[in-house]
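The values are calculated or read from the model by the stated rules, or taken from the named source; none is laboratory data. Please read all numbers here as calculations on a predicted model, not as lab measurements. No Cβ is skipped: glycine too gets one built from the backbone with ideal geometry, and neighbour counts run over all protein chains shown. What goes into the accessible areas is simple: the full protein's heavy atoms, side chains included, and nothing from ligands, DNA or RNA. Shrake-Rupley method; radii C 1.70, N 1.55, O 1.52, S 1.80 Å.
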Amino acid sequence: SSRGLKKDFECSMVYHIIESGANHMGKSNSKLIYILLLLLILTVAGAVFFYLEWEDPQIALSEDIEMIPAHSKFTATFRDMKSGIRSYRVVLLQDKQEYIVAEEDFLHRGNFEKTADIEIVASNLKIKDGPAQLQIRVIDFSPLKNSTSLIKDVTIDSVPPKVGLVSTSHYINPGGSCLVIYTASDDAATNGVRFGETLFPGYKTRINGEPSYASYIAVPLEVDSNTLMTVVARDKAGNESLAPVVYHLRNHSFRSDKVNVSKNFMNGKATQFQSMDTSLTGKSPLEVFVYLNETLREANNQKIYELCGKTEDKRLWNGAFLRMKNAANMARFGDKRTYVFEGKDVGKSIHRGIDLASVRHATIQAANSGKVLFAGDIGIYGNTVIIDHGQGLASLYAHLSSIAVQEGQDIARGAVIGKSGATGFAGGDHLHFSILIHGIFVDPIEWWDAHWIHDNVELKLK
């Protein structure tokens, strides 16, 4: 019986061990299955989340659109860096009717950024002038088809302003001036005369009691008879009207000469400008000369151009411009200079005024009435006075030894503004006199001539 009990005990122990092992293995398998199931769920959820991204695409326009003219162009950029662009659509909505401007569908993924050139031709769409709504919609490639819409209230305006040419006689000289008289309808937001690539603004006047515009034009030195002169008027929507201006170009040539630069002049100017500009310290006199003639000259002319942009809308001058009394012409407008130092060419320049010389420290008078735009130092021009005569016309007086006026001061024709000198890049005491139209240098001789002013300005204004 003891053997039987022992055997029963041993069997019971084996069964208990087996049962415990089975229970332990069952619990481990459950944990493993749970972990694997959790990983599967996370993986599937991550894949779904990645694949179904909820981020909306973006729309960016190249400009803020409020009005749509007869012919309009702008750029729309669509962006979706997750699933890419599926499609976009641009329409105009007016009186509950859709006018399709542009649309595009993409069959495959990969267009994460798309730039579209949108062109609207109102006549092709057969849409009428007046209020409308610009609607742009983009959809991405997510299965959720995320979308973004841009809606803007706009005005369709396809009728350009009206322009008409009043003046008929336009005889011009290279480097000279010209006045054009024209009309423009009230809806013209901007108007002027374009000569080549430059637009010269117009100023309100009255011709025979009718509202008109007067535009003073600066003729380039190297003008081509094929260069177009056109009256331009543009409304707020961007519609543009043109009226060609017929002109006759006279023949005119400019002098070319060589200017021998002495060592004393070069050394003196190097010392003078090095004392005012520490960046020139250590440079040779020749290096300073080249800097003054090229870099500083260009910077100074740009400054003068910007200063002359502050012009009065009304005419401030009257009659022929005064020429410096008892003065001899030392250099003419348009002279093409080549500077020679020790037998070598060291630079070139074009003279943008007329040099007048009299006695040392001669009294300088205002050539005509106006307002002082600037009174101070301008690099190579030295002590300088610029007078605004209104409507883009200005006069410049350079190399003065002293200045007797200040910025903002009203000036009468013949008023004393300073004394002649040799400041700046001058080689001796003289006045450098210039006339400018919207900051562009023109030949002063025309403005000294009462006959020229009568024929080319006064008769047109009457």
Name the pairs: first residue in the stretch 127-141 and farther than 11 Å from Thr155 by Cβ, second residue open to solvent by less than 30 Å² (accessible area, probe 1.4 Å) and not in a strand (DSSP E or B), Cβ to Cβ under 7 Å, at least 6 apart or on different chains?
-> Val138/Pro57; Asp140/Pro57; Asp140/Asp80; Asp140/Ser83; Asp140/Gly84; Asp140/Asn146; Phe141/Ser83; Phe141/Gly84
For Glu210, indicate whether it is out of contact with any Asp or Glu (no Cβ under 6 Å at 6 or more places or on another chain), exposed (fewer than 12 other Cβ atoms within 10 Å of the Cβ) and not hydroxyl-bearing (Ser, Thr, Tyr).
-> yes
Considering each residue of the stretch 313-337, count those that are open to solvent by 20 Å² or more (accessible area, probe 1.4 Å) and either touching an Asp or Glu at 6+ places or on another chain (Cβ under 6 Å) or not in a loop (DSSP other than H, G, I, E, B) (or both), and give that number.
-> 5
With the condition kept exactly as written, say whether any residue in the stretch 432-453 is surrounded by fewer than 17 Cβ atoms within 10 Å (Cβ to Cβ), modelled with pLDDT of 95 or more, more than 34 Å from the chain's Cα centre (by Cα) and part of a helix (DSSP H, G or I).
-> yes
For Ser177, state whether it is over 25 Å from Gly309 (Cβ atoms), touching a helix residue (DSSP H, G or I) at 6+ places or on another chain (Cβ under 8 Å) and either open to solvent by 40 Å² or more (accessible area, probe 1.4 Å) or polar (S, T, N, Q) (or both).
-> no
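Residue-by-condition table, conditions (1) over 15 Å from Arg79 (Cβ atoms); (2) outside any loop (DSSP other than H, G, I, E, B); (3) open to solvent by 40 Å² or more (accessible area, probe 1.4 Å):
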| site | (1), (2), (3) |
| --- | --- |
| Ile118 | yes, yes, no |
| Ser123 | yes, yes, yes |
| Ile139 | no, yes, no |
| Leu144 | yes, no, yes |
| Thr155 | yes, yes, yes |
Pick from the stretch 240-277, criterion assigned to a loop (DSSP other than H, G, I, E, B) and of a type in the set (A, V, I, L, M), ranking: surrounded by the fewest Cβ atoms within 10 Å (Cβ to Cβ) | Val246
Meets criteria (in contact (Cβ under 8 Å) with a residue 60 or more places away in the chain, in a loop (DSSP other than H, G, I, E, B) and either touching a Ser or Thr at 6+ places or on another chain (Cβ under 7 Å) or more than 30 Å from Gly427 (Cα to Cα) (or both)) for Ala237 | yes
In the stretch 194-207, which residues are under 18 Å from the mean Cα position of the chain (by Cα) and either β-branched (Val, Ile, Thr) or open to solvent by 80 Å² or more (accessible area, probe 1.4 Å) (or both)?
-> Glu197, Thr198, Leu199
If we scan the stretch 208-224, do we find a residue that is among the acidic types (Asp, Glu), touching a residue at least 40 places away in the same chain (Cβ under 8 Å) and over 23 Å from Arg315 (Cβ atoms)?
-> yes
